[in-house]
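The values are calculated or read from the model by the stated rules, or taken from the named source; none is laboratory data. None of these values were measured; they are calculated from a predicted model. Don't worry about glycine lacking a Cβ; one is built from the backbone with ideal geometry, like all the others, and counts go over all protein chains shown.
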Amino acid sequence: MSRVRLLVGTRKGAFVLTADGTRDDWDVRGPFFTGWEIYHVNGSPADPDRIYASQTSGWFGQVVQRSDDGGETWEPVGNEFAYEGETGTHQWYDGTQHPWEFARVWHFEPSHTDPDTVYAGAEDAALFKSTDGGQTWTELAGLRTHTTGEQWQPGAGGLCLHTILIHPEDPDRITVAISAAGTFRTDDGGETWQPINKGLRSRELPDEEREVGHCVHRLALNASRPDTLFMQKHWHVMRSDDAGDSWQKVSGNLPSDFGFPIAVHANEPETVYVVPIKSDSEHVPPDGKLRVYRSRTGGNEWEALTNGLPQEHCYVNILRDAMAVDSLDPCGIYFGTTGGQVYGSADAGDTWTPIVRDLPAVLSVEAQVLP
Amino acid sequence: MIRVTLPQHLRTLARVEGEVQLDVNGRPTARSVLDALEESYPVLRGTIRDHGTAERRDFIRFFACGKDLSCEPVDDPLPDAVATGAEPFRVVGAMAGG
């Protein structure tokens, strides 16, 4: 029977949760790197035992940890993320220009085919690549030096590159998202980039349909239909059926279309999950009820999934990288909260159970299926 | 022999217990001690001083002999008691955060 492994990053360490394919009983290991912020932990699709973890601290900066045995043991690898060439500036909170400064890695995205190749999304926004298992990192500077770069501005969480989608059939096509700049795509392996934000409207911008400046919170896709992208923007749930060239709003009947994570069912490309949050100024679930919303129609028509989730006095948030799906049938879906709970559903969201309740605030969740 | 104390997280990262002892050529300075530390423990590169600029990270302090040396020129000689190994050069995480 297949097993499932969840890789959980929190404000105070990393945790590894494992279960067999029933996903009923979970083994919880950790914390690893106790006391450090673990922004993201992600495994290689080509070798699930190869795992990369972003270990960060306001005191001690960035450390990258690598495991070659599924999280049993870890070794620090390269932590030098140097911007290529002229650093340049982006827009600061007060409207002035501010130099790019590396703060941390928000997200690792390993190659689909090579465990030693991995991309890192950084704050201040930039994309780095390693082809030696994380020992050395090279910036794909065409993104940061895009002509719109000086218009990018940090959101409340910083100017962060948080989403990296590698096209499953064409590894030279990579789509990334940056808060608050928007979505960008390369079709040549990262040499050149184009903003792909047509159709986004952000009332926080003086020109609501500006080419860049949108606070995209998260992108997701189903690998069987890689040109269909789903987006949770600051406000609005969006979809694109042309690899991001144009976007349509699919918020439909959601109680709020503000939120952070978005996920697509691994086996049903039109089944999408979001977690509505009341508003940009009140980062709590509407009415104190923690509800995942599922659309089986690719958006617009949404149903609340509540079975097993707290339906009163719940005021946690779910951050952008903290929801994931596994590829079993039925599909498992998981999310972590700022209150330290990790919830799981082994039936595509119909019913939920807490896997753990009292972790530090959860920053990220990834799911792996193991033979 | 120069003695260096590290904050807990850096001891864990470097996989050391207690003080670190280093050989430093010539009169020790903050720069030469940290260079020797990073040479012996490459995993500490970037955690005390920034990569590239080699500037002290904002929330790191350097103490010795009851004095805060954090803002002293990095090429100034360290106190005699540090040079002789009587006192450690202390790398400290600033009080901040939660």
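Name, by its number, the condition in (1) outside any loop (DSSP other than H, G, I, E, B); (2) more than 22 Å from the chain's Cα centre (by Cα); (3) under 24 Å from A:D68 (Cα atoms) that does not hold for A:H98.
(3)
Identify the residue in region A:31-83 that is among the aliphatic types (A, V, I, L, M) and part of a loop (DSSP other than H, G, I, E, B) and, among all such residues, is farthest from the other protein chains (Cβ to nearest Cβ).
A:A46
Just for region A:84-120: of the residues that are small (G, A, S) and closer than 25 Å to A:G157 by Cα, which one is nearest to the other protein chains (Cβ to nearest Cβ)?
Ranking the qualifying residues of region A:84-120, first place goes to A:A103.
Looking only at region B:54-98, count every residue that is aliphatic (A, V, I, L, M), within 14 Å of chain A (Cβ to nearest Cβ) and either farther than 27 Å from A:E80 by Cβ or in contact with a Gly (Cβ under 6 Å, 6 or more places away or on another chain) (or both) and tell me the total.
1
Listed residues A:G190, A:G182, A:G244; which is in a loop (DSSP other than H, G, I, E, B), within 18 Å of the chain's Cα centre (by Cα) and surrounded by 17 or more Cβ atoms within 10 Å (Cβ to Cβ)?
Unique residue meeting the criteria: A:G244.
Among the residues of region A:280-291, are any at pLDDT below 95, surrounded by fewer than 18 Cβ atoms within 10 Å (Cβ to Cβ) and of a type outside the set (D, E)?
Yes - at least one qualifying residue is present in region A:280-291.
So, of the residues in region B:42-53 that are more than 8 Å from chain A (Cβ to nearest Cβ) and of a type outside the set (A, V, I, L, M, F, W, C), which turns out to be nearest to the chain's Cα centre (by Cα)? Reasoning before the result, please.
Step one: filter region B:42-53 for residues more than 8 Å from chain A (Cβ to nearest Cβ), giving B:42, B:44, B:49, B:53.
If we keep only those that are of a type outside the set (A, V, I, L, M, F, W, C) too, we end up with B:42, B:49, B:53.
Values: B:P42: 13, B:R49: 10, B:T53: 16 Å.
It comes out as B:R49.
Could you please let me know if B:E39 is among the acidic types (D, E), away from chain A (no Cβ under 14 Å) and within 20 Å of A:V63 (Cα to Cα)?
In short, yes.
Specify the residue that is farthest from A:F60 (Cα to Cα); the eligible residues are those in region B:6-26 that are among the β-branched types (V, I, T) and away from chain A (no Cβ under 14 Å).
Narrowing region B:6-26 to residues among the β-branched types (V, I, T): B:12, B:16, B:20, B:24.
Then keep just the ones that are away from chain A (no Cβ under 14 Å); that gives B:20, B:24.
Working: B:V20: 18, B:V24: 24 Å.
Looking at residues that are among the β-branched types (V, I, T) and away from chain A (no Cβ under 14 Å), I get B:V24.
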